[in-house]
1. Only one of these is surrounded by fewer than 19 Cβ atoms within 10 Å (Cβ to Cβ) and touching a residue at least 60 places away in the same chain (Cβ under 8 Å): 139, 126, 130, 165. Name it.
2. Every residue in segment 351-381 that is part of a strand (DSSP E or B) and either in the same structural domain as residue 305 (by the TED database) or in contact (Cβ under 8 Å) with a residue 60 or more places away in the chain (or both), please.
3. Being under 24 Å from residue 183 (Cα atoms) and outside any strand (DSSP E or B) is the filter here, so list the residues in segment 83-105 that pass it.
4. With the structure loaded, tell me whether residue 348 is in contact with a strand residue (DSSP E or B) (Cβ under 7 Å, 6 or more places away or on another chain), surrounded by fewer than 19 Cβ atoms within 10 Å (Cβ to Cβ), touching a residue at least 60 places away in the same chain (Cβ under 8 Å) and in a strand (DSSP E or B) or whether it fails that test.
């Protein structure tokens, strides 16, 4: 839906005005492409503050006066966002890369806890390259992934420089996943075409990050990395997917930081579906692609898994998986311990925040013969016990249908 595609859709409801803000609002994005190949972005804000701050947990509290949700669409202060992220260290900052026409790409920081956002900093990006990933901290340190390049921007000083340049390599490969271990280490993972690389940066200093090492990752047939997540300072999860003549599948990689702090040991567990027979080998349930990784407030690994809904890996199971050195043992353990939270429609994104988990689901509506399906988004909110405390759908408006029909 084009109208939804470039509007930031915000969800809010009325709550008691004396409730204070506790952490940043939760924004969740789902990227897709229309028939023309244009990138589309849909976001929702799932805290219950007025306008953007109250803990999401208050929705499930017995004394909550939020009996219904008022849906609000606004035009944010940035044009057509290319990349978006919240501050990784939990501050009230959002970072947006946008572009108008042929002008340079612009990186801007916004204070998202203020009504209708407030711009805190802005800088034109050098080089004119298309950004492929974005990661930032509340103090204005921002990392941007490009093809064969990782750049660093200091918004407080208005400076930018290239941290890593692989432009002399034969393949043009974008860095499109960042992950921070909550302490001194930031990793950047490239996407596709062998060999795959993961770059390690020391971010312990508040000023300039330092390049620690470039690690070659395992390569599969037609595989690409789609997400990265630290479960603790020394335990990193990578998610990759593959598609070849024999079939397609997903790979969960367990990487443990070694004693040098500059490299990892690794163990992979895969799911697979045969292209011809349809037979599959999964951790649980019928095969569907894994889409993104999250960590719950209880340190559970939460995976958005399409038609299966959410896959939950308990904390103790994760620890055992990192301890074991045998792939078959790890896969057997996951098959016995992974929990499934079924969602009404395929889950395309998951975000965890303030003891709550929000799943973004997508439904295809066949509304007009000979026309593309209209995408209906659904939102489910779960508490720490994985009980659904809210479920609602995003309304499809007349403008959405009109815009969709123009594709």
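The values are calculated or read from the model by the stated rules, or taken from the named source; none is laboratory data. This one's a predicted model, so the numbers in the text were calculated from it and none came from an experiment. Positions of Cβ are backbone-derived with ideal geometry, glycine not excepted, and every protein chain shown enters the neighbour counts.
1. Exactly one residue qualifies, and that residue is 139.
2. Our first condition is that a residue be part of a strand (DSSP E or B); within segment 351-381, this holds for 351-353, 356-365, 374-381.
351, 353, 356, 357, 358, 360, 362, 374, 375, 377, 379, 381, listed by residue number.
3. Passing the criteria: 87, 88, 89, 90, 91, 92.
4. no
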